[in-house]
1. Calculate, for the chain, the solvent-accessible area per residue in square angstrom, rolling a 1.4 angstrom probe over the heavy atoms of the protein chains.
2. Hey, of [x] 13, 44, 29, 13, 2; [y] 13, 38, 26, 14, 7, 2; [z] 12, 45, 35, 8, 0, which did the structure itself give for P(r) over Cα pairs in 10 Å bins from 0, in percent when calculated?
3. Against the longest principal axis of the chain, how steep is helix 18-33, in degrees 0 to 90 to the nearest 10, with axes from Cα atoms?
4. Report, by chain and number, residues whose modeled amide H sits under 5 Å from the one on residue 103, excluding near sequence neighbours (fewer than 5 apart, same chain).
5. Only bridges whose two residues both fall in the chain count here: according to DSSP, what percent of them are antiparallel, nearest 5?
6. For segment 89-104, just list the computed ³J(HN,Hα) in residue order, Karplus coefficients 6.51, -1.76 and 1.60, θ = phi - 60°, integers in Hz, with x standing in for Gly and Pro.
7. Using a 1.4 Å probe on the protein chains only, how many percent of the accessible area of the chain belongs to carbon and sulfur?
8. May I ask you to order 97-103, 7-13 by the average number of other C-beta atoms within 10 Å around their residues, highest value first?
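The values are calculated or read from the model by the stated rules, or taken from the named source; none is laboratory data. Everything numeric here is computed off the predicted structure, so don't read it as measured data. Backbone-built Cβ (ideal geometry, glycine too); neighbour counts: all protein chains shown. The accessibility values were calculated without ligands, DNA or RNA, using every heavy atom of the protein model including side chains. Shrake-Rupley method; radii C 1.70, N 1.55, O 1.52, S 1.80 Å.
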Amino acid sequence: MPQITVDYSGTMENAFDRPGFARALHEAAVEIAAAKPEGCKTQFRPSAYTVFGYEDPEAHGHAVVHVTIGLLAGRSDETKARLAEAAVELLREHVADAPFTLHASAEIRDLDPSYRKFER
């Protein structure tokens, strides 16, 4: 915990500092949501095909990135909102200026009570 997933348009691959973003987001999760550093895990999932509105998908004028953070239940709505805001701001800092319009978003949710994990 937290379980972090970052879905992003593959067209922004070279403009997105993923290691720097993950490191900064882990630090924010520790500071804002009292996560343990060793519990922070982030997976990045590039999308080969992104469509925005009615735009021609081949135009590549837009890129989308969405961060989902799953936390163990118990964080206040204010804490979740602060972490979402931090995630969006960190995206702004870790995606270079590029020839696309960036649409960035973040969502913080409670992990389901059935959540289980193991480490080996």
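1. The answer is 61 Å² per residue.
2. Read-out taken from this structure: [x].
3. That works out to roughly 40 degrees.
4. So residue 103 has HN proximity to 63, 64, 65.
5. 30
6. Taking θ as phi minus 60°, the curve returns 5, 5, 4, 4, 7, 10, 10, 5, 4, 8, x, 8, 8, 8, 10, 10 Hz for segment 89-104.
7. 51
8. 7-13, 97-103
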